[in-house]
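The structure appears right after this line, and notes come after that.
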Amino acid sequence: MAQNSPMANASPLPAPSPLLALSAVELRDRLASGAVRAVAYVEACLAQIAAREPQVQAWVWLDGDHALAQARALDARRLSGAQIGPLHGLPVALKDVIDTRGIPTENGTAIDAGRVPGADAFIVARLRAAGAIILGKTVCAEAAYLHPGKTRNPHNIGHTPGGSSSGSAAAVAAGMVPLAIGTQTGGSVIRPAAYCGIVGFKPSFGLISRGGVLMQSPTLDTMGVFGRSAEDVALLAEVLAGHDPADPATEALPTPRLLAAASAKAPVPPMFAHVRLPELDCADDQTLSAMDELADLLGEQCFGTVLPNAFEEAAAIRQRINHAEMAKCYYGLERRGRVLMSPVLSAAMDEGKAVLARDYIAALDWRDLLNAALDEIFDRCDAILTPATPTAAPAGLESTGSSIFNGLWTLCGTPVVTLPLFWATNGLPMGVQLVGRRGDDARLLRTARWLAHHVTTLESGEPG
């Protein structure tokens, strides 16, 4: 796997404070024991933001005094002996489509400029109850679609960070915050995580509530999380998961033990299916070579396969659902400010209005059809392996890049993790996408941790 070669205009990522090098799970333990104070950690985050934000531009709203006030209250609570939550003192960044009481949530669009919600989203209430610190709101693409925001890739500010959850991914990658939350309707969690060189997790559809979050496509919209390891994203996702009566996609089921699974040793080495995607011709030679090298490294634990022909239509089906539902969900936005919409968003709205009812209803049947075909593959493996993106992050800030390798799994509602296992020759990270059976999030996270550890061990030459 190609080694990282530093770029002349790339800002260095090493954090000035050793606290910022800790994983979220390590921090959780130190904050809970009092070995690290929440105030000290927030101060380290704010110092890193001050150093990197002028170049990266990940934040749309940030109030250091507010963050420190939360930290002081949490430190006092721990000292009092009161019970603390599972995210005690951990700062979290929120994509600017997630409602926060008293804090601006402008949905990445001038149409909602100055909007301040009167209530927290379901997951924000979960975060507060768990003792997390709401550090701030991160930049996203316009209305969580394709027109990019101001954020730049922390590894090279001349390249896109991806989207639409651009600020959330970039903030974690730049060491500004240990955890962040985004949303995915096509590839808006996995793509920016891959471009920015961090771990992104899009859970099974319906695992995490979307109550109080900008709704673009009820059939596709999925919450997602960012961190630096499989354990980190498991920690956050487990706290957020659960039934919300306001979101019919969620179910009243026991919360899966994601962190325990991600931290556990696999009982046997997992099996992987190296799947050839219908659009694989979009990938560059470096991406294809990296995936072949990974498959070779896994040896007998990996087998190659192709998807049935029906999957060739999946991208068009996903887009049809997305645009048709967006035309309905964003009708209010359009009425209030069509003139303020970008051409790409306006065109998508018009395309959605033109979708026939029969075609939209037929498209809704595809999720079950595709998952039935995937079940035959998952009966033989623990996870599917594909590239996360066709290339490393493209140069320029006019586009958020391609989500062609992500949308299929959003349509299917399957859990997906991307791991930063490769580096392109230009020094930018490249992600590997692991896909699990729908509802089997815990097993996927355990498999992802195994793969990350396995590759790191082999590259270091240490005994496994």
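The values are calculated or read from the model by the stated rules, or taken from the named source; none is laboratory data. Because the structure is a prediction, the values reported are computed rather than measured. Backbone-built Cβ (ideal geometry, glycine too); neighbour counts: all protein chains shown.
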TODO: Would you confirm whether any residue within region 156-172 is among the small types (Gly, Ala, Ser), surrounded by fewer than 21 Cβ atoms within 10 Å (Cβ to Cβ) and either out of contact with any Pro (no Cβ under 7 Å at 6 or more places or on another chain) or in contact (Cβ under 8 Å) with a residue 12 or more places away in the chain (or both)?
DONE: yes
Task: Residue that is modelled with the lowest pLDDT, among those in region 408-457 that are aliphatic (A, V, I, L, M), surrounded by fewer than 24 Cβ atoms within 10 Å (Cβ to Cβ) and in a helix (DSSP H, G or I) - done: Val455
Open item on the list: Among the residues that make up region 57-64, is at least one of them modelled with pLDDT of 95 or more, among the aromatic types (Phe, Trp, Tyr) and touching a helix residue (DSSP H, G or I) at 6+ places or on another chain (Cβ under 7 Å)?
Closed with: yes
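Yes/no matrix, rows are residues, columns are (1) under 18 Å from Val225 (Cα atoms); (2) in contact (Cβ under 8 Å) with a residue 60 or more places away in the chain; (3) aliphatic (A, V, I, L, M); (4) out of contact with any Ser or Thr (no Cβ under 9 Å at 6 or more places or on another chain):
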{"residue": "Ser80", "(1), (2), (3), (4)": "no, no, no, yes"}
{"residue": "Leu94", "(1), (2), (3), (4)": "yes, yes, yes, no"}
{"residue": "Gly102", "(1), (2), (3), (4)": "no, no, no, yes"}
{"residue": "Pro117", "(1), (2), (3), (4)": "no, yes, no, no"}
{"residue": "Ile123", "(1), (2), (3), (4)": "yes, yes, yes, no"}
{"residue": "Ile134", "(1), (2), (3), (4)": "yes, yes, yes, no"}
{"residue": "Glu142", "(1), (2), (3), (4)": "no, yes, no, no"}
Task: Residue check, Gly162 under 30 Å from Glu325 (Cβ atoms) and in contact with a Gly (Cβ under 9 Å, 6 or more places away or on another chain) - done: yes
Task: Matching residues in region 157-181 - criterion: being over 22 Å from Leu46 (Cβ atoms) and out of contact with any helix residue (DSSP H, G or I) (no Cβ under 7 Å at 6 or more places or on another chain) - done: Gly158, His159
Open item on the list: Restricting to region 247-289, give me the number of residues that are in a loop (DSSP other than H, G, I, E, B), among the acidic types (Asp, Glu) and either free of Cβ contacts under 8 Å to residues at least 60 places away in the same chain or touching a helix residue (DSSP H, G or I) at 6+ places or on another chain (Cβ under 6 Å) (or both).
Closed with: 1
Open item on the list: Kindly evaluate Leu74 against the criterion of being more than 19 Å from the chain's Cα centre (by Cα), buried (at least 22 other Cβ atoms within 10 Å of the Cβ) and either over 19 Å from Ala143 (Cα atoms) or modelled with pLDDT of 95 or more (or both).
Closed with: yes
Open item on the list: Suppose we filter region 211-230 for residues that are surrounded by 24 or more Cβ atoms within 10 Å (Cβ to Cβ) and of a type in the set (D, E, K, R); how many remain?
Closed with: 1
Task: Residue list for region 305-351, filter: of a type outside the set (A, V, I, L, M, F, W, C), under 26 Å from the mean Cα position of the chain (by Cα) and not in a helix (DSSP H, G or I) - done: Tyr330, Ser342
Task: Hits in region 274-314 - residues which are surrounded by 15 or more Cβ atoms within 10 Å (Cβ to Cβ) and of a type in the set (Ser, Thr, Tyr) - done: Thr287
Open item on the list: When you scan region 282-291, do you find a residue that is within 30 Å of Glu26 (Cβ to Cβ) and assigned by TED's automatic domain parsing to the domain that holds Gln433, even just one?
Closed with: yes
Task: Residues (closer than 23 Å to His147 by Cα, of a type in the set (Asp, Glu) and not in a helix (DSSP H, G or I)) located in region 61-113 - done: Asp96, Asp99, Glu106
